[in-house]
Amino acid sequence: MRLSSALLLGAAAGAASSVQAAPLGFADFEARGSAALDAGFVAVARDLSAVARSCLEASGVAVTYPGDSAFSTQSQPENSVLPYTPAAIAAPASADEVASVTRCVAAQNGDVKVVPKSGGHSYTSASLGGQNGSVVIDLKQHLTAITIDADAKTATVQAGATLGPLAQALGEKGFALPHGTCPTVGVGGHSLGGGWGFTSRSWGWLLDHIVSMQLVTPDGSIKSVNATSEPDLFWALRGAGASNFGTVTEFTYSLEDAPESVVNYSFTYPSNDDCVQLILAVQDLATRSDGRLDLGMGGEILLYGENSGNDGACSFAGQFKGAASTFEAQAGMLSDAMQSRGASTGTPANTTFTGAATGSDSAWLRALTDLMGDLNAAAISEPYYAKSLMDDGSPNYTADSAKAIIDTIQKHVLVEGTGISLSLDLNGPGSATNANLTTASAFDVHRTSLFFSQLYVYGQPTDATAQQNVFAATDEIIESVKAAKPNGNWLLYVNYIDAQIKDFGTQYYSTALERLKSIKAAVDPLTLFDFPQGLAHA
Ligand SMILES: Cc1cc2nc3c(=O)[nH]c(=O)nc-3n(C[C@H](O)[C@H](O)[C@H](O)COP(=O)(O)OP(=O)(O)OC[C@H]3O[C@@H](n4cnc5c(N)ncnc54)[C@H](O)[C@@H]3O)c2cc1C
Ligand SMILES: *[C@@H]1O[C@H](CO)[C@@H](O)[C@H](O)[C@H]1NC(C)=O
Ligand SMILES: *[C@@H]1O[C@H](CO)[C@@H](O)[C@H](O)[C@H]1NC(C)=O
Ligand SMILES: *[C@@H]1O[C@H](CO)[C@@H](O)[C@H](O)[C@H]1NC(C)=O
Ligand SMILES: *[C@@H]1O[C@H](CO)[C@@H](O)[C@H](O)[C@H]1NC(C)=O
Ligand SMILES: *[C@@H]1O[C@H](CO)[C@@H](O)[C@H](O)[C@H]1NC(C)=O
Ligand SMILES: CC(=O)N[C@H]1CO[C@H](CO)[C@@H](O)[C@@H]1O
């Protein structure tokens, strides 16, 4: 998950005025990222041909172009520092219409790129193309239906649906899925790249619940993709499906039963010394062979340093799935561990949600609303930058290496007026995140982590020099984490996509990369689906 901007609003508010500068232009992007893109990235796509444009118009699909009144709203990036101008935005209302749009653009032989957009929450605006001149397939406008089959315990969800409305529809019927906490994230990108939430220690990633998908391939055909039909694509889409192999128009997920008792909790710790002990205590509690933390205990360490404008220096917060008494025992273990390390036991807050298992007032929906905010909230644009890091299961943090990380974060508190934080989301041995719950997938290279991290910068400046300073600070923090285990197998999470990464192919996909590239070449010979970190450049 990412840090809610509300937490760092105080810190970031001071940056607001510096965030008004000119938006980051493509030239800046190219200068920063050129080393990553030299594997044949075509920087400037050709214009959409008159033939393609009249094909789109004849298709009957709603399409807008630059200059049309709705276009500027439709092309608004969620990350406001990375705007791009698509050649066109198509809003299909069916898989057949997605296929029509795909074929119209493909007729230009891959000169103009197609890019699916679900919730539009790509950190690099990849769903606007990640460059100018792509044709966006905007699924969020018309493809948002959610159909629940209670007997089969599955839901079929059109790819433009977002997490809040999905959680609401499932929760009313007593069902649930693991996923992130931002209600406006789309199921498209989230499911194809992973999808982590506080329930993931017991339910896995959202991706683990995909039973079947409907895919419109780059040649415009409509395929049913599941373990027995199109097994190569079923393997590849789960982990690397974002704008690489076509447009997923529909997901079928297997469902979990919504829990009837949930505790939302947070502990805030006053000093950096406490935060060192927190890392060690949670590492120990999650990896010890006896008396290990319950898998219902979903949680995240959030490190932000002292005097950042937030309470204390770090927190451990999350959602516990289970009875309040069991939560008290788990929280007691953490508090004892901190006390025996001579650290503060933190300032606690928690709320237990119990009651009806179904309906709009169910315990689960009340807990989710407390965690996620209004499930039907509208998306907003914000300036940010983020990096990710997944350890290999045994980062073996020591007092020295944990202190080095925290000292580095402290050194960069409020860098360039931003709000900066490092989250350590807990997975660990026994977690469902680390089990291969379903058929093998490209995502299986990520099945070992103890902590899954995000370094999040709220209030990313637009000034090029200020950005370089932020990039240098974030690199230094990431290096301080990796220094805990220099020979560890550290990987990155493609859902926290980062335009600064040069060898993104091996860092996101590791040993899955070669097979992914060969499936890409076979399915998309024109490289119609393409963006700066597409598989064709990895
Ligand atoms: C506010 C916020 C909170 C977040 N919290 C979490 C969290 O708690 N846990 C977590 O794991 N992640 C979290 N994320 C990261 C999130 O999982 C990714 O940003 C995700 O890719 C967004 O999906 P989307 O559909 O909204 O984005 P989009 O921008 O629409 O898509 C992302 C990528 O997927 C491609 N794509 C989208 N739909 C399809 C499709 N149907 N077929 C093929 N390709 C497609 C796009 O082309 C793009 O490359 C968060 C992101 C934000 C901005
Ligand atoms: C992308 O489009 C925007 C607005 O249309 C423009 O300002 C910017 O210069 C373009 N970038 C490139 C590389 O053409
Ligand atoms: C997989 O797809 C095939 C072809 O459409 C279909 O017959 C089969 O029922 C599907 N299986 C699942 C589990 O969806
Ligand atoms: C949880 O909240 C209850 C009620 O406020 C409180 O009595 C209890 O001490 C809290 N438990 C923890 C572990 O914070
Ligand atoms: C590292 O941690 C793992 C478990 O997390 C443990 O098995 C291993 O012994 C540790 N290695 C060292 C060198 O401490
Ligand atoms: C999951 O699958 C991957 C790839 O096949 C394999 O390397 C890994 O050992 C498996 N993990 C588990 C926990 O079975
Ligand atoms: C009321 C309460 O304690 N809410 C908490 C629910 O859990 C989230 C995530 O840990 C916390 O941020 C809330 O404070």
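The values are calculated or read from the model by the stated rules, or taken from the named source; none is laboratory data. Bear in mind the structure is a predicted one, so any value in this text is a computation, not a measurement. FYI the Cβ positions are ideal-geometry reconstructions off the backbone, even for glycines, and counts take in every protein chain you see. Keep in mind that these areas ignore ligands, DNA and RNA; they rest on the heavy atoms of the full protein, side chains included. Shrake-Rupley method; radii C 1.70, N 1.55, O 1.52, S 1.80 Å.
If you wrap segment 108-201 in the convex hull of its Cα atoms and look at it from every side, the mean projected area works out to 7.3 nm². Each of Thr439, Leu371, Gly189 was placed along the dipole of the chain (beta-carbon charges, centred on the mean Cα), and the one lying farthest toward the positive end is Thr439. With the Cα gyration tensor of segment 262-506 giving a ≥ b ≥ c as the square roots of its eigenvalues, does the rule (a/c under 1.5 for rounded; else a/b larger than b/c for prolate; else oblate) give rounded, prolate or oblate? It is rounded, given that a/c, with a ≥ b ≥ c, falls under 1.5. Couplings for segment 175-190, taken from phi via the Karplus curve 6.51 cos²θ - 1.76 cosθ + 1.60 with θ = phi - 60°, read 10, 7, 9, x, 5, x, 9, 8, x, 9, 5, x, 5, x, x, 4 Hz in order; Gly and Pro are left as x. Give the angle, between 0 and 90 degrees and rounded to the nearest 10, that separates the Cα long axis of helix 163-172 from the longest principal axis of the Cα atoms of the chain. With rounding to tens, the tilt is 70 degrees. Return the whole-Å distance between the Cα centroid of segment 475-538 and the Cα centroid of segment 321-387. If we compute the Cα centre of each part, the gap is 32 Å. When the alpha carbon gyration tensor of the chain is reduced to an equivalent ellipsoid, the three semi-axes, largest first, read 37, 27, 21 Å. Remark: segment 136-273 carries a charge dipole of roughly 140 debye about the Cα centre, counting +1 on each Lys and Arg Cβ and -1 on each Asp and Glu Cβ.
Here segment 262-506 is treated with +1 on each Lys and Arg Cβ and -1 on each Asp and Glu Cβ, and its dipole about the Cα centre works out to around 400 debye. Measuring against 22 Å, Cα to Cα, the residue pairs Lys223/Lys387; Lys387/Lys517; Lys117/Lys520; Lys387/Lys520 contain Lys223/Lys387; Lys387/Lys517; Lys387/Lys520 as the ones spanning a longer distance.
In degrees from 0 to 90, rounded to the nearest 10, what is the angle of the helix 464-482 Cα long axis to the longest principal axis of the chain? Around 50 degrees separate the two axes. Using a probe of 1.4 Å, the accessible surface attributed to Tyr123 totals some 20 Å² when neighbouring protein chains are kept in position. Per residue, the accessible area of segment 57-138 comes to 30 Å², computed with a 1.4 Å probe over protein heavy atoms only.
Heavy-atom accessible area, probed at 1.4 angstrom with all protein chains present, ranks Arg103, Arg515, Arg201 as Arg103, Arg515, Arg201, highest first.
Listed by chain and number, the aspartates and glutamates placed with their C-alpha closer than 17 angstrom to that of Lys321 are Glu256, Asp257, Glu260, Asp294, Glu300, Asp370, Asp425; residues fewer than eight positions away on the same chain are left out.
Classify segment 169-209 as rounded, prolate or oblate, taking a ≥ b ≥ c as the square roots of the eigenvalues of its Cα gyration tensor: rounded when a/c is under 1.5, otherwise prolate if a/b is larger than b/c and oblate if not. Taking the square roots of the gyration eigenvalues as a ≥ b ≥ c, segment 169-209 is oblate. The alpha-carbon atoms of segment 283-327 define a convex hull whose volume equals 88 cubic angstrom per residue. Phi-derived couplings, Karplus 6.51 cos²θ - 1.76 cosθ + 1.60 at θ = phi - 60°, listed residue by residue for segment 136-141: 8, 9, 8, 7, 6, 6 Hz, with x used for Gly and Pro. Over all Cα atoms in segment 362-501, the spread is summed up by Rg and Dmax: 17.1, 50 Å. Going by alpha carbons, how many degrees (0 to 90, nearest 10) lie between the helix axis of 26-37 and the longest principal axis of the chain? On a 0 to 90 degree scale, this one is about 80.
Each Lys and Arg contributes +1 and each Asp and Glu -1, all at the Cβ; summed about the Cα centre of the chain, the dipole is approximately 500 debye. Put simply, the amide H of Ser388, placed in the peptide plane, has neighbours under 5 Å in Leu455, Tyr493, leaving out anything fewer than 5 places away on its chain.
For segment 52-66, 3J(HN,Hα) computed residue by residue from phi via the Karplus equation (6.51, -1.76, 1.60; θ = phi - 60°) reads 4, 5, 6, 4, 4, 5, 6, 6, x, 7, 5, 10, 10, 10, x Hz, glycine and proline entered as x.
Distance from the Cα centroid of segment 239-279 to that of segment 392-409 is 22 Å (rounded to whole angstrom).
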